Each structure stands twice: as C-alpha cells, then as structure tokens.
C-alpha cells in the first residue's frame, strides 16, 4: 500500500504541466483556492502576528502563480476555438493596430470567435465581433471594418 502511494506521488511529480490543467474545473478550483488564501491572509492581518502574515502572503503568492499556470495550460490545450480549425488565412499576416481599416475578407464569419466567454474576452457590443487573425484577436466593427481593439499573441 505504501509503495503504491509513493509511486502515485512520483507519477504526479513527473507529469508535464501542460497535461495537468486541461479542464476548466481545475482552473475554477485554483481560483477558489486563491480566494480562500486571500481570506486567510485577511484573518492573519487582523488577528495574527507578523510571522503568520508573512506565511499567508507566501501562500497567496503561490496560489496566484498556480492560477496563472492553470490558465496558461488551459489556453495552451484549448488553443483552437474549433478542434482542427484552420485559422491560417489565405492572406499573409498583418500587424493590425486599433483604428485600422480591414477588408471584409479579413473578418468574415469563418474567423469569428463566437464563444468569447471561453477565452475571457469581454462581450462585444453592437456591430462588433471578435475576429481571429492568425494568433491575434481583433475586435472589429463589422459594419465599417474598423479595428477597435487588438490582443497580440493571444493564442500563444
């Protein structure tokens, strides 16, 4: 029995981090852990001594790091909005800026990101649409073709 526990712990330590946080539930658990650590820090600041506060700050820092790693791993494992989706456009990469004017071929429905919640993007307003351009995400006014917002390297 003891040998099984040790082998299980060794396997968990060797497992690559990209595999560890592939579900949204794990990210949610990490966020919950961070909130718990922040509550414990507040309690330590109110009722504890300096050593308790220092330990709780360290725990909060570790929980934040864990949450960042889980989000990075989740986004890495869910890189394409649609599995097998080809986001490589039939045109070359352009580095767009806010205020740029796009041709309709750059923002047609093939490149829309319809599940923006999944990627923690804000809800697009009226006549706005999140568009993927290679690994960048653009918020485009689909009536005028103007770029409103740019997130470079979003899918890396």
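Of all the numbered requirements in (1) surrounded by fewer than 17 Cβ atoms within 10 Å (Cβ to Cβ); (2) touching a residue at least 24 places away in the same chain (Cβ under 8 Å); (3) at negative phi, residue 108 misses one, and that requirement is (2). Of everything in region 115-132 that's touching a helix residue (DSSP H, G or I) at 6+ places or on another chain (Cβ under 7 Å) and under 16 Å from residue 75 (Cβ atoms), which residue is surrounded by the most Cβ atoms within 10 Å (Cβ to Cβ)? By that ranking, first place goes to 130.
Only residues that are surrounded by fewer than 21 Cβ atoms within 10 Å (Cβ to Cβ) and free of Cβ contacts under 8 Å to residues at least 40 places away in the same chain: list them for region 138-151, please. Once the filter is applied, which keeps residues that are surrounded by fewer than 21 Cβ atoms within 10 Å (Cβ to Cβ) and free of Cβ contacts under 8 Å to residues at least 40 places away in the same chain, region 138-151 yields 141, 142, 143, 151. For the list (1) farther than 30 Å from residue 40 by Cα; (2) within 22 Å of the chain's Cα centre (by Cα); (3) modelled with pLDDT of 75 or more, I need the number of the one condition that residue 86 fails. Exception for residue 86: condition (3). Of the listed requirements (1) in contact (Cβ under 8 Å) with a residue 24 or more places away in the chain; (2) surrounded by fewer than 18 Cβ atoms within 10 Å (Cβ to Cβ), residue 102 misses just one: (2).
For residue 144, are the conditions met, namely being assigned to a loop (DSSP other than H, G, I, E, B) and at pLDDT 90 or above? Considered against the rule, which asks whether it is assigned to a loop (DSSP other than H, G, I, E, B) and at pLDDT 90 or above, residue 144 comes out as yes. In the set (1) at positive phi; (2) at pLDDT 85 or above, the condition left unmet by residue 149 is number (1).
The values are calculated or read from the model by the stated rules, or taken from the named source; none is laboratory data. Source: prediction; values computed, not measured. A quick note on method: Cβ atoms are made from the backbone with ideal geometry, for glycine too, and the neighbour counts reach across all protein chains shown.
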